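The values are calculated or read from the model by the stated rules, or taken from the named source; none is laboratory data. Everything quoted here is computed from the prediction, not taken from an experiment. Glycine gets a Cβ as well: all are built from the backbone with ideal geometry, and neighbour counts include every protein chain shown.
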Amino acid sequence: MLSRICLSILVITSLHADVEEFPAFGIRVTVPRGWESVQPGSGGQIARWAKLTNAGTKAKDVVVLELAELREGLSPYAYAKAVAESHDGEINREVTMGNLPAIEVRSQRHTEMMTPRQTRVVATRGHLWILSYWAVGKGSLALKTINSMAKSVEFMPFAEPSEHIVLSKEKVSFLKGRLKVSLPTVGRPQIVENAATSQANGIRHFGRKELEFIFKVHLPEGEQPATFDLAKSAFAQRISQEFQSPALKWQDFEIAGAEGSLIDPVILPKAPGESEFREHHFVLLYKNKELTVVSFMLNSPEESAHRIYQKLIKEIMRSIELP
């Protein structure tokens, strides 16, 4: 798993010099002065910090902190070797991260593209933890920055993500501006089958290695329904068949100048030996004869977390905008 860094960056906080904690991700780290926090770009990224240029809209230097589940074929050395082979790097085993033995890759290749200059990897608690410095050009601050941050790392037990729900102040755009919404800062983008018509964000419980909450926006394929009633009828039929549910009930509402309706939650039977809730919420939004489907999935063995996520759905719904 190699990070990909986009030069176009959304700043979400101001300059940093203090310890930053990420309880749901089980880590705290001290960020050097002069780095600005920017929005994480993928499901495994915990945080990103950047040295900004072009009036604060682009970055020449980016530090990325991320984690990935350990699995067969993935180890600190395997990860470091892949980075070294891709970027003409040299592997160094005489380093640490959070007082644990780590592996590092240093690359001397200077390009006009954003590439990793220094990457440090450590394995603990069933995960890989990756701290990397990406740059356009020399990346002259890489050694000093990675050494400082790696030394400051402290690993903590993974916290319950439901206990750290805070909605973002900046609204996130989905499907090229089709919908804007405030999402929990502990959530991260998720991979979907068709990125042209779907986009998702999820909250992961890293201790259990499971997604507990998913928010998804989807554009139905094919001809758009002529009326909202036709859209609801067709969608209800499909959902009833897919989940083998009885007749579904709709609750209509108005939202951002559009017609909206939500279906009573669909709760799947628990599989033998499993305690997880598998609850699905579906919302249809209809504006200018175009249909947008919003869905939520809740999957948690904890009743208290389940109630928090149900409340979160209402907060997210209140924040939705349809430009």
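Quick notes
- Boolean, Ile263 is at pLDDT below 95, buried (at least 20 other Cβ atoms within 10 Å of the Cβ) and aliphatic (A, V, I, L, M): yes
- Test: residue in the stretch 63-77 that is modelled with pLDDT of 90 or more and more than 26 Å from Arg204 (Cβ to Cβ): no
This table checks each residue for (1) surrounded by fewer than 17 Cβ atoms within 10 Å (Cβ to Cβ); (2) modelled with pLDDT of 90 or more; (3) of a type outside the set (Ser, Thr, Tyr); (4) farther than 21 Å from Ser152 by Cα.
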| position | (1), (2), (3), (4) |
| --- | --- |
| Met1 | yes, no, yes, yes |
| Arg4 | yes, no, yes, yes |
| Ser8 | yes, no, no, yes |
| Ala17 | yes, no, yes, no |
| Gly43 | no, no, yes, yes |
| Leu52 | no, no, yes, yes |
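- The single condition from (1) buried (at least 22 other Cβ atoms within 10 Å of the Cβ); (2) within 19 Å of Ala47 (Cβ to Cβ) that Met114 fails is (1).
- Filter result (assigned to a helix (DSSP H, G or I) and out of contact with any helix residue (DSSP H, G or I) (no Cβ under 9 Å at 6 or more places or on another chain)) within the stretch 132-185: Ala142, Leu143, Lys144, Thr145, Ile146, Asn147, Ser148, Met149, Ala150, Lys151, Ser152
- Pairs with Cβ under 9 Å, 6+ apart, first in the stretch 217-236 and surrounded by fewer than 19 Cβ atoms within 10 Å (Cβ to Cβ), second acidic (Asp, Glu): Leu219/Glu290; Gln224/Glu290
- Only one of Val95, Val64 that is touching a Ser or Thr at 6+ places or on another chain (Cβ under 8 Å), in a strand (DSSP E or B), surrounded by 14 or more Cβ atoms within 10 Å (Cβ to Cβ) and not assigned by TED's automatic domain parsing to the domain that holds Pro189: Val64
- Lone unmet requirement of (1) at pLDDT 90 or above; (2) more than 18 Å from Ile308 (Cα to Cα); (3) surrounded by 19 or more Cβ atoms within 10 Å (Cβ to Cβ) for Thr197: (3)
Quick grid of which residues meet (1) over 21 Å from Lys171 (Cβ atoms); (2) of a type in the set (A, V, I, L, M, F, W, C); (3) out of contact with any Lys or Arg (no Cβ under 6 Å at 6 or more places or on another chain); (4) not assigned by TED's automatic domain parsing to the domain that holds Lys171:
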| site | (1), (2), (3), (4) |
| --- | --- |
| Gln190 | no, no, yes, no |
| Asn194 | yes, no, yes, no |
| Gly207 | yes, no, yes, no |
| Ala234 | yes, yes, yes, no |
| Gln241 | yes, no, yes, no |
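Let's see how each residue does on (1) within 30 Å of Gly257 (Cβ to Cβ); (2) charged (D, E, K, R); (3) at pLDDT below 95:
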| position | (1), (2), (3) |
| --- | --- |
| Glu276 | no, yes, yes |
| His280 | yes, no, yes |
| Lys287 | yes, yes, yes |
| Val293 | yes, no, no |
| Glu303 | no, yes, yes |
| Ile313 | yes, no, no |
| Arg318 | yes, yes, yes |
| Pro323 | yes, no, yes |
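- Hits in the stretch 186-225 - residues which are closer than 27 Å to Glu259 by Cβ and touching a helix residue (DSSP H, G or I) at 6+ places or on another chain (Cβ under 7 Å): Phe213, Phe215, Pro225
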